[in-house]
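The values are calculated or read from the model by the stated rules, or taken from the named source; none is laboratory data. All values derive from a computational prediction rather than experimental measurement. Cβ coordinates were reconstructed from backbone atoms using ideal geometry, including for glycine residues, and neighbour counts include every protein chain displayed. Accessible surface is based on the protein model in full, side chains and every heavy atom, while ligands, DNA and RNA are left aside. Shrake-Rupley method; radii C 1.70, N 1.55, O 1.52, S 1.80 Å.
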Amino acid sequence: MVRATLWTIAVVVWASASALCFARLWKYEAAAGPAARSPTAWPQDTSVLQERGLPTLILLMHPKCPCSRATVEELAKLMSHAQGRLVARVLMIRPDGVAKFWERTDLWQTAAAIPGVTVVADAQGSESRRFGAATSGQALLYSPDGRLLFAGGITGSRGHSGDNEGRSLVLALGRAEIIPTAAEPPQTPVYGCPLFAESFACQPDGMGPCRK
Amino acid sequence: MSQMMSTCAGDASSLGAEFYRTHRETIYRRTDRMFAALMAVQWVFGIVAAMVISPRTWAGVESQMHPHVWAAVVLGGVISLPPILLAVFKPGHAVTRYVISVAQMLTSALLIHLTGGRIETHFHVFGSLAFLAFYRDWRVLIPATVVVALDHFLRGLYFPQSVYGVLTASSWRWLEHAGWVIFEDLFLIASCLRSDKEMREIAQRAADLHVAKEAAEGANRAKSQFLANMSHEIRTPLNGVIGMAELLIRKGGLAERQLRYVHVIKSSGDTLLTLINGVLDFSKIEAGKLELSRSDFDLRGVVEDVVEMLAPKAAVKKLEFLCHMHLDVPARVCGDVDRLRQILINLTNNAIKFTEEGEVVVAARLEQSSDDRLFVRFDVRDSGLGIAREQQDRLFKSFSQLDASNTRKYGGTGLGLAISKQLVELMGGTIGLQSEVGKGSTFWFTIPFLRPTSRSPETTRLTSIPPTRGLRVLAVDDLPAQREIMREQFQAWGFVADIASDGTEALTLLRSAATAAAPYHLAVIDMHMPLMNGIALARAIKGEPSLQQTPILMLTSMDQPLDPNEMSAAGFAACLTKPVRQSELFDAVATALARGGLTPSVAQPEPAASANAVAETSVLTDLRRLRLRVLVAEDNEVNQEVVKEILTDAGCTVTLVSTGAAAVQAVASHEYDVALMDCQMPEMDGFEAARRIRNAEGHAQPVECGALPIIALTANAIQGDRERCLSAGMDGYVAKPIDPDLLFQAILTLVQRSLRQAAVSAPAVARATEHTVKLAATVPGYEAPINLETLLRRCRGKATLVESLLGKFDAAIGAQLDELRGAFTRIDGAAVSRVAHAIKGASANLSANAVSSAAAELERLGAKGEWESANESLQRLETSVRECLEYIPTVASSAKQRAVEVKA
């Protein structure tokens, strides 16, 4: 009897420990980065080209962020479904003082291989700052006339690809299937690594970015 | 019968259940181990996957370890370690299986997380379920399925994308996923149930087979026991037949025709006895009752004895019969001499039996040696018909002769080679055959003998080469094998040896040597050679002035003895009969050279054969002179008659009794010089009778001075009987059918020993006592593990007997202690008491008082079942035995020294 009780206790402790660890992992995967404070109109001083006559999707990414693989996968699906009704510009941040081709990672190669996507380096993150992005995977959709239609992430959680609100909104807006009526464009959480070191420093326990 | 069958069926059924449980347990344990390995691999795989997929998390140019890596290490460890530990420390337990089942599903969940929710990783779940089915326990699948369903339910509620890949999912979607898992489970459960059913059926079949095998083996053992008993029963009347025939031959006075008939009776009896011995040996081996003895013996002597014994048979068939003893053959080894002799006789007898012309060579050589072992290889080569390869495999099988007609033509049971094979293997050796049809056969075997425990001075005689180095010898023989044997032998003795194949070549070599002023110092010539025989060659040598001084040794076959006058006229220094013993040849060579003034230091040879003849006759003469009063206790009337006749012929006055009780009474009421005691008699057997006689005398065993010498008579020639007789207080042992010479020798030896004891023991005992007193005075309270003085007195001052007793004790005690420990493990008080009793008796014989008293205590405690005290007593016994064994070399050397003192 005592032995059975001890075994039961041991198994329960073990199961609880496993559940706790899983809960912590879930928490990390569900932790979104800080939202962008993006300009509502296409910035005049940007060097990024806006496509004429088509909505332009700006995707700001850290080239080494493993969570952003899911973003690129979602981008591929999105571009495939958009069937040429929008163009995408992926800006890979390239901080100062890094080695040559630092930003040319597998993420760059994968994104560059998607039709309708142009990948460019964002030297010192100036464009990311210009577009107000703080988290890798930040997507911004601008209408052909330069209005911000959408700001947010196109994955449902950290590093997980799959159906998600962000991708659905971008696709619908890009195809002009919906017309934004609210003053503020729709937003979704962004899941990914901090684009800049200063936001990295305030991540609690390193498990999620600091929300400022 | 039906009851027995139902009992057997019940046994088989419970055995089947036991087999099933054992097999199921084995499967559980094996699968636990496999999962433990898989868990470890998955853990490592998870860490590697995390480090490849998401090694670090970045912010600008700064990075740190990605939480997935930590999760792979920590969470992977939390999931994997407990089941791994359970599989290692609690294999086969239900809790281990269930924990493994849950852990495997949690590992699936972790891996899905680490790979970013890839749908492909979900297949891990299905693979794991299939693997869990290895347990063949469908219940293990349940917790795994529950974990999967629960995981999907919770994720569906809180994080649907991580498991369904969609933002929102129906609250019942987890049921769909769980349903697919259950879908797989259904097949796996069906598979488990079917496997389990088959496992039960197979276990039951195995149990049935096991029971049938046990029954068959039991029947075989019963058959072997029956054969052994029957052999014993047959030997008793056969003793009468052979004994009476022997008496008729010895008595004389028979007409030639009658004598021939009696010889036929005797030889038929002997043949029958040989056959029965074969059956008895085989039965004992089959029944696992054959015990090997171990003692030092003269290996060369044994081989040469066998060759000499069988030489007449070879001579009858006019075969060249040679013994080739390689020089590296150790003179003394330790092993079972009787069994070695039996194998050699069997193989050599076969070789002679199946060879119609040509030669038979018995060879021995040292094949390999180690610190404690001497691997000796024996070859028995013949020039017979040879054996076809396809028939060779059958040869060593029981009751197998190549051709059924062989049994009729040559006789035999077909057991000889099977027995030889089993004996060789019992001794740790190997046996084999090389044969080619038309070219003859070589039967060989190797035995790993132990190195001898003592070194006899006699063994060094042939290796102590006299100053023969540089002397020249010519060996002449038409047989290449014999020539080579002689050349090798002479070269080993330091001679310059040449060989010649016939008389002409020999004369040419002798003349050339004489011309070159390097004449041969000795010529060894074979009698039977083509063109010019030995005598003609000897005459030719003696006829030439330059050669006539050459000493000549003649070798002749047993079937053609030379007339001594003819031999002397031909000028031979000596004539030897083939096969020649090395020692004989050595002595003859030494004599021949000494006569030629070449080796004056070599001792004159002893006339061994004549000395034996004198010894044989002197035994009977001495016995007749003593006119002994002999008590014979024997229940069989025929045997009574045989023994009485044999002893009366030796001048003894015989009193016959039929039971052990009558023997005890007779000893109490009359004086006898010696008693012969049949071991198996009605009412009271010989062992008990001997014990009572000793008790009445108040002597320890074996007999001390003044006690009645008792010789056991038994038809049961089994190892262990001798020890049993000795422990019962008997002094000697003669096997039935009785060989009169052996019986005479045994009686005379015992009686003479008794007489010598009376003369010798007194001063020896006095010295021993004095020595003991001195020792006790020097070391207060000291008592040696073996009391040498008592032992010497008991052995009548004979160091060899002391050595033999010590050797036997040393050889047996290890097995006895093992048996004791086994009895303790089984909690078998009767066995403890029995073995302790045996140790007590053996150690008392040795005067190992500490061992004896510890064994006596253990015997008492074992009989009472007082295990706690018995355990302490066993430890005391083991300590005493260890001290005793360490003390044995000291005792042996002291005994030798003391024996020399006594002789002096």
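From the list A:Pro180, A:Pro185, A:Pro194, pick out the single residue that is under 22 Å from B:Gln64 (Cβ atoms) and not β-branched (Val, Ile, Thr).
Going through A:Pro180, A:Pro185, A:Pro194 in turn, just one is under 22 Å from B:Gln64 (Cβ atoms) and not β-branched (Val, Ile, Thr): A:Pro194.
Is it true that some residue in region B:798-809 is of a type in the set (Lys, Arg), assigned to a helix (DSSP H, G or I), at pLDDT 80 or above and open to solvent by 50 Å² or more (accessible area, probe 1.4 Å)?
Among the residues of region B:798-809, not one is of a type in the set (Lys, Arg), assigned to a helix (DSSP H, G or I), at pLDDT 80 or above and open to solvent by 50 Å² or more (accessible area, probe 1.4 Å), which makes the answer no.
Select from region B:74-84 the residues that are more than 7 Å from every other protein chain (Cβ to nearest Cβ) and either closer than 15 Å to A:Ala19 by Cα or surrounded by fewer than 20 Cβ atoms within 10 Å (Cβ to Cβ) (or both) and list them in ascending order.
B:Gly76, B:Gly77, B:Ser80, B:Leu81
Is there a residue in region B:722-739 that is hydrophobic (A, V, I, L, M, F, W, C), assigned to a helix (DSSP H, G or I), at pLDDT 55 or above and open to solvent by less than 20 Å² (accessible area, probe 1.4 Å)?
Residues of region B:722-739 that are hydrophobic (A, V, I, L, M, F, W, C), as a first pass: B:725-726, B:728, B:730, B:734-735, B:738.
Next, from what is left, pick out any that are assigned to a helix (DSSP H, G or I): B:725-726.
Those still in the list that are at pLDDT 55 or above too: B:725-726.
Subsequent filtering for residues that are open to solvent by less than 20 Å² (accessible area, probe 1.4 Å) retains B:725.
Yes: region B:722-739 contains one or more residues that are hydrophobic (A, V, I, L, M, F, W, C), assigned to a helix (DSSP H, G or I), at pLDDT 55 or above and open to solvent by less than 20 Å² (accessible area, probe 1.4 Å).
Can you tell me which residue in region B:302-339 is modelled with the highest pLDDT, limited to those that are within 20 Å of B:Pro579 (Cα to Cα) and under 19 Å from the mean Cα position of the chain (by Cα)?
So, considering only residues that are within 20 Å of B:Pro579 (Cα to Cα) and under 19 Å from the mean Cα position of the chain (by Cα), the one modelled with the highest pLDDT is B:Val303.
Only residues that are among the small types (Gly, Ala, Ser) and surrounded by fewer than 24 Cβ atoms within 10 Å (Cβ to Cβ): list them for region A:119-151, please.
A:Ala121, A:Ala123, A:Gly125, A:Ser126, A:Gly132, A:Ser143, A:Gly146 - these are the residues of region A:119-151 that are among the small types (Gly, Ala, Ser) and surrounded by fewer than 24 Cβ atoms within 10 Å (Cβ to Cβ).
Can you pull out every residue in region B:207-247 that is over 34 Å from the mean Cα position of the chain (by Cα) and open to solvent by 60 Å² or more (accessible area, probe 1.4 Å)?
B:Asp208, B:Met244
If you check B:Glu256, B:Glu233, B:Glu308, which single one turns out to be charged (D, E, K, R) and in contact (Cβ under 8 Å) with a residue 60 or more places away in the chain?
Going through B:Glu256, B:Glu233, B:Glu308 in turn, just one is charged (D, E, K, R) and in contact (Cβ under 8 Å) with a residue 60 or more places away in the chain: B:Glu308.
One line per residue, one yes/no per condition, for (1) within 14 Å of another protein chain (Cβ to nearest Cβ); (2) touching a strand residue (DSSP E or B) at 6+ places or on another chain (Cβ under 7 Å); (3) polar (S, T, N, Q):
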residue: B:Thr115; (1), (2), (3): yes, no, yes
residue: B:Leu132; (1), (2), (3): no, no, no
residue: B:Val146; (1), (2), (3): yes, no, no
residue: B:Gly156; (1), (2), (3): yes, no, no
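Given the residues B:Ala87, B:Ala49, B:Ala71, which is the only one that is more than 10 Å from every other protein chain (Cβ to nearest Cβ), assigned to a helix (DSSP H, G or I), more than 25 Å from B:Ile189 (Cα to Cα) and open to solvent by less than 20 Å² (accessible area, probe 1.4 Å)?
On inspection, the qualifying residue turns out to be B:Ala49.
Taking the condition out of contact with any strand residue (DSSP E or B) (no Cβ under 8 Å at 6 or more places or on another chain) and within 26 Å of A:Arg24 (Cβ to Cβ), does B:Ile27 pass?
For B:Ile27, the condition - out of contact with any strand residue (DSSP E or B) (no Cβ under 8 Å at 6 or more places or on another chain) and within 26 Å of A:Arg24 (Cβ to Cβ) - is not met.
Please indicate, with yes or no, whether at least one residue in region B:352-363 is part of a helix (DSSP H, G or I) and within 28 Å of the chain's Cα centre (by Cα). Before the answer, list the steps.
Looking only at region B:352-363, we keep the residues that are part of a helix (DSSP H, G or I), and these are B:352-353.
Right, trim to within 28 Å of the chain's Cα centre (by Cα) and you get B:352-353.
Checked region B:352-363: at least one residue is part of a helix (DSSP H, G or I) and within 28 Å of the chain's Cα centre (by Cα).
What's the total number of residues in region A:1-36 that are closer than 30 Å to B:His66 by Cα, among the hydroxyl-bearing types (Ser, Thr, Tyr) and either away from chain B (no Cβ under 14 Å) or more than 24 Å from the chain's Cα centre (by Cα) (or both)?
Within region A:1-36, the first condition is being closer than 30 Å to B:His66 by Cα, and the residues that meet it are A:11-36.
From the residues that got through so far, the ones that are among the hydroxyl-bearing types (Ser, Thr, Tyr) too are A:16, A:18, A:28.
Now drop any that are not either away from chain B (no Cβ under 14 Å) or more than 24 Å from the chain's Cα centre (by Cα) (or both), which leaves A:16, A:18.
Final tally of qualifying residues: 2.
Of all residues in region A:48-65 being in contact with a Lys or Arg (Cβ under 8 Å, 6 or more places away or on another chain) and closer than 24 Å to B:Met65 by Cβ, which is most open to solvent (accessible area, probe 1.4 Å)?
A:Lys64
Under the condition of being aliphatic (A, V, I, L, M) and touching a residue at least 12 places away in the same chain (Cβ under 8 Å), which residue from region B:94-104 is most open to solvent (accessible area, probe 1.4 Å)?
Our first condition is that a residue be aliphatic (A, V, I, L, M); within region B:94-104, this holds for B:94-95, B:99-100, B:102-103.
Adding the requirement that they be touching a residue at least 12 places away in the same chain (Cβ under 8 Å) leaves B:99-100, B:102-103.
Numbers: B:Val99: 9, B:Ile100: 1, B:Val102: 32, B:Ala103: 0 Å².
Applying the filter and picking the extreme gives B:Val102.
So how many residues does region B:872-896 have that are in contact (Cβ under 8 Å) with a residue 40 or more places away in the chain and open to solvent by 70 Å² or more (accessible area, probe 1.4 Å)?
In the first step, residues of region B:872-896 are kept if they are in contact (Cβ under 8 Å) with a residue 40 or more places away in the chain; the result is B:874, B:877-878, B:880-881, B:883-888, B:891-892, B:894-896.
Narrowing the set further to residues that are open to solvent by 70 Å² or more (accessible area, probe 1.4 Å) leaves B:883, B:886, B:896.
The total comes to 3.
Considering only residues that are in contact (Cβ under 8 Å) with a residue 40 or more places away in the chain, within 19 Å of A:Ser136 (Cα to Cα), open to solvent by less than 70 Å² (accessible area, probe 1.4 Å) and away from every other protein chain (no Cβ under 12 Å), which ones fall in region A:161-188?
Across region A:161-188, the qualifying residue is only A:Val170.
Filter region B:263-301 for residues that are open to solvent by less than 20 Å² (accessible area, probe 1.4 Å), touching a helix residue (DSSP H, G or I) at 6+ places or on another chain (Cβ under 6 Å) and modelled with pLDDT of 80 or more and give the result.
Across region B:263-301, the qualifying residues are B:Gly269, B:Phe297.
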